[in-house]
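The values are calculated or read from the model by the stated rules, or taken from the named source; none is laboratory data. Owing to the predicted nature of the structure, the values given are computational and were not obtained by experimental measurement. We place every Cβ from the backbone using ideal geometry, glycine too, and count neighbours over all the protein chains shown. These area figures cover heavy atoms from the full protein model, side chains too; ligands, DNA and RNA do not enter into them. Shrake-Rupley method; radii C 1.70, N 1.55, O 1.52, S 1.80 Å.
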Amino acid sequence: MFGMIEGTGFEAIDPSFNDCLIGHARVERLWSGARWSEGPVWFAAGRYLVWSDIPNNRMMRFDDTDGNVSEFRNPSNNSNGNTVDREGRLVTCEHLTRRVTRTEHDGSITVIADSYQGKRLNSPNDVVVKSDGSIWFTDPTYGIMMDYEGARAESEIGACHVYRVDPAGNIAIVADDYVKPNGLAFSPDETKLYIADTGASHTPGGPAHIRVHDVAVDGSLNGGNVLADCTAGLFDGFRLDQQGRIWSSAADGVHCLAPDGTLIGKILIPEFVGNVCFGGPKLNRLFMCGTTSLYSAFLNVNGISPLGAV
Ligand code: MG
């Protein structure tokens, strides 16, 4: 496990990327056997990682105490993106049931959102929780375009938006000018929200970038300029570290962007990467969902804790 895996490595494009690396650290392949891995989320108290294997309709669990991988939930309603809220509860996007759910401490499941103004959502893709308890998610159509990762259906809303659910349960559109909104994450101080648009997946010449918005106190978004275009495939899911760098999935692995959007380096993975998250007790281990496999690498950076702890 700890030797070099063929096709993996680190590529510094700007010298500053070397500050993010540990000289002897390697990319590890922790497990294989998925069809399309997505939505990794780290549970600090239990020392485990949960992620989605979308076409196989299941969620997987990597146990950091012994390295074992097992099924966490099956069926998973073709779950995709996951996160944890400030109380450590799992929040999940489900393609098949076209909803966002929360798994309570007792294991029961609460529906956070499944419709907007009486119309069913498309297929929620990725989700993040802000420190005020509001839940923000993207709603492209990938889960209703085919039966492979959901169930084929017409879009009732007829567009792909980004939504915010406030702590009282009210849902609002916060961005309506995306083709296929996908991954999303806040800056360390939550004054900015980054959102990926993977519209190029089904629209030739369409967007393959991350945009940056200013977050107003009332939860509305301003701005929205393109921060970075992806140079290899698409930016799908991503996370930020405590210095505001963006660690994003891409076709050739993980791209690291400086806060201004400059591509400073890559973690090369021999499969498409769909999403990433920081884990481990110090949040200095990047877990990477690479199509069939789960990978990780220790880095000299620390992720932002979704629990608010440093
Ligand atoms: Mg995604």
Would you please name the chymotrypsin sites (Phe, Trp or Tyr not before Pro) within region 1-48 that are DSSP coil residues with at most 15 other C-beta atoms within 10 Å of their C-beta? Phe2
Can you give the accessible area of Met4 in Å² (nearest 10), computed on protein heavy atoms with a 1.4 Å probe? 120
Show me, for region 160-176, the HN-Hα J-couplings you get by feeding each phi into the Karplus relation (A = 6.51, B = -1.76, C = 1.60, θ = phi - 60°), rounded to Hz, glycine and proline as x. 10, 10, 10, 10, 10, 10, 7, x, 7, x, 7, 9, 9, 7, 10, 8, 10
Stretch in the chain that is longest and holds no trypsin sites (Lys or Arg not before Pro) that DSSP places in a loop and that have at most 12 other beta carbons within 10 Å: 1-151
To the nearest 10 square angstrom, what accessible area does Asp260 show with a 1.4 Å probe? 110
Where the accessible area of region 180-310 is counted over protein heavy atoms with a 1.4 Å probe, how much of it, in %, is carbon and sulfur? 55
Per residue, how much accessible area does region 3-298 have with a 1.4 Å probe, in Å²? 38
Please list, in chain and number order, the residues 5+ apart from Tyr116 or on another chain whose amide H is under 5 Å from its amide H, with Hs placed from the backbone. Leu121
Loop only by DSSP, 15 or fewer other Cβ within 10 Å of the Cβ. Give me the GluC sites (Glu not before Pro) in region 1-55 that pass, ordered by residue number. Glu6
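Provide, as a two-decimal number, the C-alpha radius of gyration of region 3-298 over 2.2 N^0.38 Å, N being how many residues it has.
0.92
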Please give the solvent-accessible surface of Ile157 in Å², to the nearest 10, using a probe radius of 1.4 Å with every protein chain present. 40
Calculate one ³J(HN,Hα) per residue across region 233-249 by plugging θ = phi - 60° into the Karplus curve 6.51 cos²θ - 1.76 cosθ + 1.60, and present them in order as whole Hz with x for glycine and proline. x, 10, 7, 9, x, 7, 9, 10, 9, 5, 8, x, 6, 9, 10, 10, 5
Based on the mean of other beta carbon atoms within 10 Å per residue, what is the order of 171-182, 223-234, 269-280, 138-149, most packed first? 269-280, 138-149, 171-182, 223-234
Long-range amide H partners of Asn80 with built H, under 5 Å: Cys93, Glu94, His95
Karplus ³J(HN,Hα) for region 225-230 (6.51 cos²θ - 1.76 cosθ + 1.60, θ = phi - 60°; Hz, whole; x = Gly/Pro) runs 5, 5, 8, 7, 8, 6
